[in-house]
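Inspection log for the structure reproduced underneath, given as C-alpha cells.
The values are calculated or read from the model by the stated rules, or taken from the named source; none is laboratory data. These numbers were taken from a predicted model, which means no experiment stands behind them. Here the Cβ positions follow ideal geometry from the backbone for every residue, glycine too, while neighbour counts run over all protein chains shown. The accessibility values were calculated without ligands, DNA or RNA, using every heavy atom of the protein model including side chains. Shrake-Rupley method; radii C 1.70, N 1.55, O 1.52, S 1.80 Å.
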Amino acid sequence: MNQNHTGQEGVRGRTAIATGASRGIGLAIAERLVSEGACVCLTARKAGPLEEAAATLTQGSVITVAGKADDPEHRRGVFATVAREFGILDIAARLPLWN
C-alpha cells in the first residue's frame, strides 16, 4: 500500500522526534517517517532497546537520545542533539503515557 498520511508535501527531507520509539506505536511511527524520507530522532527511556530499534531503521537518517520524557534535562538534550545533527525540527510525534 502506498499512502502518504502527512499531507501533500509529505515528510521527505524533514526532521522529526518520535517518543516512546523503542517499540510499539512509537517505533511504528518512526518506521513510517523514515520510510517516507524523514530524518528521525528516536527517544525512549532505555538505551539498549532504543539502540536495537534504531538498528532496524535506515542508517544515516536516525539518531537516538535515551531518557525520561518528563525530565527537563532530557528534553533539552533531545532538542540540542536534533539541532546539532539535523539543524532543524519539523515534526514532534508524541505518544501519551498509559498506566
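Some notes on this structure:
- Cβ-Cβ distances below 6 Å connect the following pairs, each with a first residue in the stretch 3-17 that is within 10 Å of GLU36 (Cβ to Cβ), a second residue that is at pLDDT below 55 and of a type outside the set (Lys, Arg), and a separation of six or more residues or different chains: GLY10/ASN4.
- The set of residues from the stretch 54-64 being farther than 18 Å from GLY10 by Cα, in a loop (DSSP other than H, G, I, E, B) and open to solvent by less than 30 Å² (accessible area, probe 1.4 Å) comprises just one member, LEU57.
- Residue list for the stretch 19-66, filter: in contact (Cβ under 8 Å) with a residue 60 or more places away in the chain, more than 17 Å from ALA80 (Cβ to Cβ) and touching a helix residue (DSSP H, G or I) at 6+ places or on another chain (Cβ under 7 Å): GLY20
- Checking each residue in the stretch 18-53 for being part of a loop (DSSP other than H, G, I, E, B) and among the small types (Gly, Ala, Ser) picks out GLY20, ALA21, SER22, GLY37, ALA38.
- Selection of the stretch 65-77 for residues being open to solvent by 40 Å² or more (accessible area, probe 1.4 Å) and under 14 Å from ALA21 (Cβ atoms) yields ALA66, LYS68, ALA69.
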